[in-house]
Every structure is written in C-alpha cells, then in structure tokens.
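To start, the structure itself, in structure tokens.
The values are calculated or read from the model by the stated rules, or taken from the named source; none is laboratory data. Source: prediction; values computed, not measured. Cβ sites come from the backbone with ideal geometry, for glycine too, and all protein chains shown count toward neighbours. For accessibility, only protein heavy atoms count, side chains too; no ligands or nucleic acids. Shrake-Rupley method; radii C 1.70, N 1.55, O 1.52, S 1.80 Å.
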Amino acid sequence: MISLVPTAIERVDTGDPAVCLLVKRDDRSAAPYGGNKARKLARILVDARAAGARRLVTIGPAGSHHVLATTVHGRRAGLEVAAVLVPQPRTDHAVDNLRAGLAQGLEAHAARHAALVPLHVLRLLGASTRFVTAGGSSVPGSAGYVDGARELAAQLAASGAPAPDEVVVALGSGGTAAGLLVGLAEARLPTRVVAVRVVPAPFGSRISVLALALRLARRLGIRTSWRELAGRLVVDASWLGPGYGVPSGREGPAHAVAAAHGLALDPAYTAKTLAAALDRASRAPGLRVLYWHTLSSAPMAPLLVDSPSEDELPAALRALFR
Ligand SMILES: *Cc1c(COP(=O)(O)O)cnc(C)c1O
C-alpha cells in the first residue's frame, strides 16, 4: 500500500574531519509524505486491512506528524481517518501540519485537555474501526523500524562499511527506538541506540521502550532478552529543554550543520536530536554516530492545496495552538 524506498546513508560535514557523523535519510522514506511515520504506517495499514477496517481513529497533538501521515496514507488506502487532537505550542510548522491534514480528508476532533481524550475516542469507535496508538507505536507500527534496521544492515553488508557505534534517534512515543533496538539485535550489529527524549516524563521512559521492544521481538519471533536490549539502549533526556515542541536553546550548531547539508529540522523532534548526535560525535572523534533523520522532507505545498487558512480553522481547533 505504501511503497517505501530504501533511504540513503550520507556523511555529514561538520567542519572537523575527525568527527564521524552520518545521516540516514528517512525524510525521503515515502511519497507523498515520508519520515518515520510512513515506515510505521506501511505495517499498520497492512494490519488494518487484514482486520477488515474501513476507518482509522487515532490521537495526537494538534500539529502531529503522525496524524498527518495517517491521513495522507490512510486516505490513499481508501480508509476514513479521524483523530482526537490535544493542545500543543503554536509553531507555523505545527499549524501547517493540521491544515494539510484537513485538506487531505482528516476528520479532526479537538480535546481541550488530554484527560478528555478517552471520552472522545470512545465516541468515535465503531464497527470496522481500527484504533491507531499515539505515534503509531503499536507492535505492528514499531515493526516498521525493525524493517528500518534490516535495511541498514543490508546496506552495510552491501557496502562493506563498518557498523555505526551508535544510532541516535528522537524518542517520542517510542516505537522508532524500540523497532531499531530489536532490528539491530536481530542483525547482531554492535550498535547502540541512543534515544533522545523530546517528550516530558512519564512519556518516553526507558522501561516503556524496553517493554515495547520485548513484546515486538516476541511477536516477530526474534530471539533476544530484556538484558540484551537494555544493554543496547541509552535514553538521553538532557535535550528536552522547557518541553515538547519548545526549543531548548541548544539547537544552534545543529541548525548550522543541517542548513549546510540541506536538511530541514522541526522544533519538536529533529532539531533537538541532531543537536544531541552532533554533540556526541564531536566529543568523541572517531566514534561512528548515525543520526536517523525522521522528519518528512516531502514538499508540503501539494498537501496544502485547498486547505483552510489558520483563520478559517474551526475555533475549537484553532484554540489547540497555545
Ligand atoms: C513521531 C516523530 C518522532 C518520534 O518517533 P516515536 O516513534 O514516536 O518515538 C521523531 N521524529 C519525528 C519527526 C516524528 O514525527
């Protein structure tokens, strides 16, 4: 349903030749909208189809990439898509994600507070409806990143390049990190996963990533253990700053490197995570650090055709951007 394309691995010039920073270009994972949610949805849509679903119901912040990706790919697969949205800090990027989602056929419901989400979701669930977990981090969704790690392993085998010492990836709902963890263990690569937490506790906890990874490994029949997975996982919570979607003020060097390399960053996930990867690579020359770039770089203009302007958004949706 979604045709994924293997994404390139590139070396990033940081200005210091001793620093080894690589980037996995998952921004180009799929058309017309890529990023990490496309890999997850490739598995989620197959699963939903097999269950006979005609409608997807999901949840997320008002400007969620996951909700937009679910809408774009779900609608193309012939499914209806509804989402319950909660408040998030206003940025132009977040507002555009919602505008694009609405133009692509999203049925959006505003929940003024996260505590009201279950009530809204219960009202929307019905026959032939599939609930899609926040961020797509269900077991099937996270399996999309076992696929991602398998792709990396195949690329390393084909090129003869040494495995990275670390893969650095954003940690939100955790499915990306959990899937990579399981896939790297399966491939027997000596690579750690450094998950950069960009959501406030209790979200994105180490225990929740490990628990998801273990369930995933069991479901896929991959032999590993809590101990092995735990030994591969580092959770770095030092880049969150004031909160989800709010810059920490420490992204400056990441923005400079990204601009020079032609990578677009977003404030919630990738600016903080690239900053972390750059910092780790710079402190340890020779360490092979692979930054996994999870933000879609597909052009937004085609998705925004016939979208409502911010002023035209229903008041309840506009009020979610605070
Ligand atoms: C959702 C998202 C992430 C986080 O992935 P999780 O699997 O939810 O932890 C990272 N980067 C971007 C751009 C995202 O939209």
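If you check 223, 188, 219, 215 for being in contact with a Pro (Cβ under 9 Å, 6 or more places away or on another chain), among the charged types (D, E, K, R), open to solvent by 10 Å² or more (accessible area, probe 1.4 Å) and modelled with pLDDT of 95 or more, only one passes: 219.
Looking across 320, 287, one residue alone is closer than 22 Å to residue 101 by Cα and more than 16 Å from the ligand (Cβ to nearest atom). It is 320.
For the subset of the stretch 189-214 comprising residues that are basic (Lys, Arg) and more than 19 Å from residue 161 (Cβ to Cβ), which member is farthest from the ligand (Cβ to nearest atom)? Steps first, answer last, please.
We begin by selecting, within the stretch 189-214, every residue basic (Lys, Arg); these are 192, 197, 206.
Okay, now just the ones that are also more than 19 Å from residue 161 (Cβ to Cβ), so 197, 206.
On the way: 197: 9, 206: 13 Å.
It comes out as 206.
If the condition is being more than 16 Å from the ligand (Cβ to nearest atom) and without any contact (Cβ under 8 Å) to a residue 40 or more places away in the chain, then the stretch 162-188 contributes 187, 188. Among the residues of the stretch 3-29, just one is surrounded by 24 or more Cβ atoms within 10 Å (Cβ to Cβ) and closer than 19 Å to residue 76 by Cα, namely 29.
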